[in-house]
1. Taking 4 °C and 1.567 mPa s as the conditions, I'd like the Stokes-Einstein D for the stretch 229-294 in µm²/s, using the Kirkwood hydrodynamic radius from alpha carbon pairs.
2. Taking the solvent-accessible surface of protein heavy atoms with a 1.4 Å probe, what is the per residue accessible area of the chain in Å²?
3. Looking at this model, which pairs from 58/258; 71/103; 58/249; 12/254; 48/224 are more than 32 angstrom apart at the alpha-carbon?
4. State, to one decimal in nm², a quarter of the convex hull surface area for the C-alpha atoms of the stretch 207-252, i.e. the direction-averaged projected area.
5. Just how large is the dipole of the stretch 229-294 about the Cα centre, in debye to the nearest 20, putting +1 at every Lys and Arg Cβ and -1 at every Asp and Glu Cβ?
6. For labels at residue 261 and residue 226 in the simple 7 Å Cα→Cβ model, what's the distance in nm?
7. Over the Cα atoms of the stretch 14-53, what is the Rg over Rh ratio if Rh follows Kirkwood?
8. Per-residue counts of other Cβ atoms within 10 Å, averaged by peptide: what ranking do you get for 216-228, 71-83, highest first?
Amino acid sequence: MSRAVSVASLSKSYGRLKALDNISFEVDEREIFGFLGPNGAGKTTAIKIMLGLTRPDKGHVEIFGIDVQSKPDRARENIGYVSQNLSLSNEITGYENLLISAKLYGVPSSIRKSRITEIMDLLGIQDRANDLVKKYSGGMMRRLEIGAALVHRPRLLILDEPTIGLDPQVRLVVRELLRRLVDEFGITIFLTTHDMGEADELCEKIAIINSGKIGVVDTPTNLKRSVGGDSIQFETKAPEKALSILTGKFGDTKPIAKNNTISMIVNSAETALPLLINTLTRAGVIVDAIHSHRPTLDDVFLKYAGSRLTDVEREGDYSHVKQVRRTFRRMR
Ligand SMILES: Nc1ncnc2c1ncn2[C@@H]1O[C@H](COP(=O)(O)OP(=O)(O)OP(=O)(O)O)[C@@H](O)[C@H]1O
Ligand SMILES: [Mg+2]
């Protein structure tokens, strides 16, 4: 298996802010690799450096063995890029959008038409080629955006938050398309997401990224296994007191509190639960509700990033993307 992406010791600061702090990872050919992290983690910054659009302060990137800093054009010939924001023109047809993209990606004029037909067939929207994009459904638009990044037959597709702001059924359509691109065409995919379910289902490998640092890189199964125990959550009206009593007593991860909910990882829920309730009750802390489950990626995130992804996530920050997409659909 050869290497599609090789990122070594990359750092990038904006003033005092370390957007990326010495990150390294490798993506093998024909795999779906996901960057899982909250707002401001550094995901888009990493992509811009991989595309040769932003210069890192330190470190380097190779795309199929081509150094991005010294040969950005040659590296980019191999990459299709789907940005975080909407990139289609809705007042022209799907065909015309792909034509613009083919020109931008430097597809020779003699093969542009056949290449666009090929993409339309792949996306299953050939009968809508000459309709204005504003008449497309959300799923068709998103497929077209992905198709627009494939016109030059790249070996690597980079997608920044490919399913953000989409309805659940459209998310599914996008995931199926990405899986097909790998299975049928041998494309390598690098994507960013803040959606744990998506990372878990779609990615062969995941890097957990938070505040510019990669906590760990591994397969979803290994990551969940590495949490090595059970996850416990309980409700109490005295979270601070509960935290001080429990810290250091169960497992090696620190319990964390969000409002009145305490989350923690223990070696075995079966043995820890009675002990935990006993310890808290003796200290006068009343436990209102308690439950345990096998580790999820959220627990993995807690272990390697020191917080829950759902806590650091600020859904509101995506409202502009959702708004654009909604407006886009209303204009049909
Ligand atoms: N051009 C810039 N100038 C100053 N600060 C920047 C710039 N680009 C990014 N940042 C900052 O760097 C940090 C990382 O930003 P980045 O866009 O890479 O995060 P992200 O993981 O893509 O977040 P999101 O999920 O919101 O898209 C953020 O704190 C951001 O404000
Ligand atoms: Mg981003």
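The values are calculated or read from the model by the stated rules, or taken from the named source; none is laboratory data. This is a predicted model, so every value here is computed, not measured. Neighbour counts are summed over all protein chains in view; Cβ atoms, including those assigned to glycine, are modelled from backbone coordinates with ideal geometry. In case anyone asks, the SASA skips ligands and DNA or RNA and just uses the protein heavy atoms, side chains included. Shrake-Rupley method; radii C 1.70, N 1.55, O 1.52, S 1.80 Å.
1. Roughly 113 µm²/s, to the nearest whole number.
2. Values: 15300 Å² over 332 residues.
So the chain comes to 46 Å² accessible per residue, rounded to a whole number.
3. On the way: 58/258 36 Å; 71/103 21 Å; 58/249 41 Å; 12/254 30 Å; 48/224 30 Å.
Where the Cα-Cα span goes over 32 Å, the pairs concerned are 58/258; 58/249.
4. Here the figure is 4.7 nm², rounded to one decimal.
5. Roughly 160 debye for the stretch 229-294.
6. 2.5
7. Working: Rg = 11.5 Å, Rh = 11.7 Å.
Rg/Rh for the stretch 14-53 comes to 0.98.
8. Numbers: 216-228: 16.3, 71-83: 18.2.
Listed from highest to lowest mean packing, they are 71-83, 216-228.
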